[in-house]
1. Out of the residues in segment A:64-80 that are part of a helix (DSSP H, G or I) and in contact (Cβ under 8 Å) with a residue 60 or more places away in the chain, state the one that is nearest to B:Q157 (Cα to Cα).
2. Inside segment B:1-21, can you point out the residues that are crowded, with 21+ Cβ neighbours inside 10 Å and either of a type in the set (S, T, N, Q) or away from every other protein chain (no Cβ under 11 Å) (or both)?
3. Which residue is farthest from A:Q157 (Cα to Cα), if the candidates are limited to segment B:45-63 and must be within 11 Å of DNA strand C (Cβ to nearest atom) and part of a strand (DSSP E or B)?
4. Under 30 Å from A:K123 (Cβ atoms), more than 15 Å from DNA strand D (Cβ to nearest atom) and not hydroxyl-bearing (S, T, Y) - does that describe any residue in segment A:66-78?
5. Looking at A:G54, A:G26, A:G62, A:G39 in this structure, which one is in contact with a strand residue (DSSP E or B) (Cβ under 9 Å, 6 or more places away or on another chain) and not hydroxyl-bearing (S, T, Y)?
6. Which condition number in (1) out of contact with any Ser or Thr (no Cβ under 8 Å at 6 or more places or on another chain); (2) within 15 Å of DNA strand C (Cβ to nearest atom); (3) closer than 21 Å to B:L179 by Cα is the one that A:E33 fails?
7. In segment A:23-44, what residues are within 14 Å of chain B (Cβ to nearest Cβ), outside any loop (DSSP other than H, G, I, E, B) and either closer than 18 Å to A:R3 by Cα or within 12 Å of DNA strand D (Cβ to nearest atom) (or both)?
8. Does segment B:103-111 contain any residue that is under 18 Å from the mean Cα position of the chain (by Cα), in a helix (DSSP H, G or I) and facing another protein chain (nearest Cβ under 9 Å)?
2 protein chains.
Amino acid sequence: MKRIADSTVRRLSAYLRFLEDFENRGLSTISSEELAKRGGTTSAQVRKDLSFFGSFGKRGLGYSVPELAGRLREILGLGKEWRVFIVGAGKIGAALAQYRGFRQRGFTILAAYDNSADKIGKKLDGVSVRDIEHLERDIQREKPDIVVLTVPGDQAQKVVDRVVKAGVRAILSFAPTQLHAPADVAVKTVNMAMELEGLSFALTNRD
Amino acid sequence: MKRIADSTVRRLSAYLRFLEDFENRGLSTISSEELAKRGGTTSAQVRKDLSFFGSFGKRGLGYSVPELAGRLREILGLGKEWRVFIVGAGKIGAALAQYRGFRQRGFTILAAYDNSADKIGKKLDGVSVRDIEHLERDIQREKPDIVVLTVPGDQAQKVVDRVVKAGVRAILSFAPTQLHAPADVAVKTVNMAMELEGLSFALTNRD
DNA sequence: CTTAACTTGTGAATGAATTCACAAGCCTTA
DNA sequence: TAAGGCTTGTGAATTCATTCACAAGTTAAG
């Protein structure tokens, strides 16, 4: 398949959000124009994004809301259950453990890991915190699809190396550092420092 | 000034992170090649990014680490103090209140806001939680530069409208919804759902 | 059946971002 | 002073992403 740009995938994800909203409101069809207005883009962009995966609309009419939502879920791989380990049971880890968006999308949090004695054995919103010593062993046993990284920046790369070696192929990191991993491992980083500095830049360089 | 791409600003932010690391290790100069390797990009990209703002290097030698770090801080607007309100005192708000990256970059959290009676009056890691009723009044009094939004998705747009009307010109949102604001308001969104679905897509569409 | 009003899907055109490639400058050594 | 080894800064070339523009298909109304 042709390589799909990251920006395209992000928009597909946004379209799905709007469609779910439309589904709840009982609307049955929607045009690329309406979808575009909701997402702050153009109708041509919407149609082009979808065209990479097929023709889902009807000319003159638009898209069937439930059908397109289903197709997008399929494209994005949201049909199956994804198994998740959280590594780092600090404040961010805790916030993620209770984040309902995970379950809503079929992401099941199996466990959290930490190296601090006063966290190990406790629960993080129903998720038990285990000793990070057992990380590799548990990865081999429970085969998580995704590791969410919420450890301090200076430990992030070390954990990446460990989980990649143990067989994990997708990582979502909240550490403010550049991570290096083999090409076949999908790494996404949510970098707060970067976002803040982006705002600072925008505020500083106004027209 | 020529319009600077978002991706460029994000890279500048990353370069600054590496330079701070080099500063701590006492290194005095660095080449675009080394900076590129650290950031997973190319030396030409590094030089092009910097060239939008001036010529900071010495041919044959590279860049002075402290000088380039200083220039980048200046470009990114990190010299001054930025005043921040957090709106939404849930788990994510709490995680942000204790996030040290804010203070490190000169972002001062003035207060947090919530509408829940059992949170108002409490403290979130030293930050007092106020009644969201007083949001507009306090914005006018204390003139925050940035509002960080950690309210549930269905309330996010309403809060955006309120703070924009009260004069705020920069927003960092953690709500998984598309936000609409006037063009002169800088809005950044950290959308966890999008990142998760991006990973799901990557795992599903492996070559 | 015909016309009018819509809306999709997609090549072609445009615009934006990245990479190439090399002249110009700096440092060291002799 | 000259030569060799580096590295920057930047137009030009290339690659990638977005927007344009329109033929083709659909529906509704008369």
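1. Only one residue fits best here, namely A:L72.
2. B:S13, B:L19
3. Ranking the qualifying residues of segment B:45-63, first place goes to B:K58.
4. The answer is yes, given that some residue of segment A:66-78 is under 30 Å from A:K123 (Cβ atoms), more than 15 Å from DNA strand D (Cβ to nearest atom) and not hydroxyl-bearing (S, T, Y).
5. Of the residues listed, the single one that is in contact with a strand residue (DSSP E or B) (Cβ under 9 Å, 6 or more places away or on another chain) and not hydroxyl-bearing (S, T, Y) is A:G62.
6. Failing condition for A:E33: (1).
7. Residues satisfying the conditions are A:A36, A:G39.
8. Yes, segment B:103-111 contains a residue that is under 18 Å from the mean Cα position of the chain (by Cα), in a helix (DSSP H, G or I) and facing another protein chain (nearest Cβ under 9 Å).
Only the coordinates and a few stated rules stand behind these numbers; no lab work does. This one's a predicted model, so the numbers in the text were calculated from it and none came from an experiment. Neighbour counts are summed over all protein chains in view; Cβ atoms, including those assigned to glycine, are modelled from backbone coordinates with ideal geometry.
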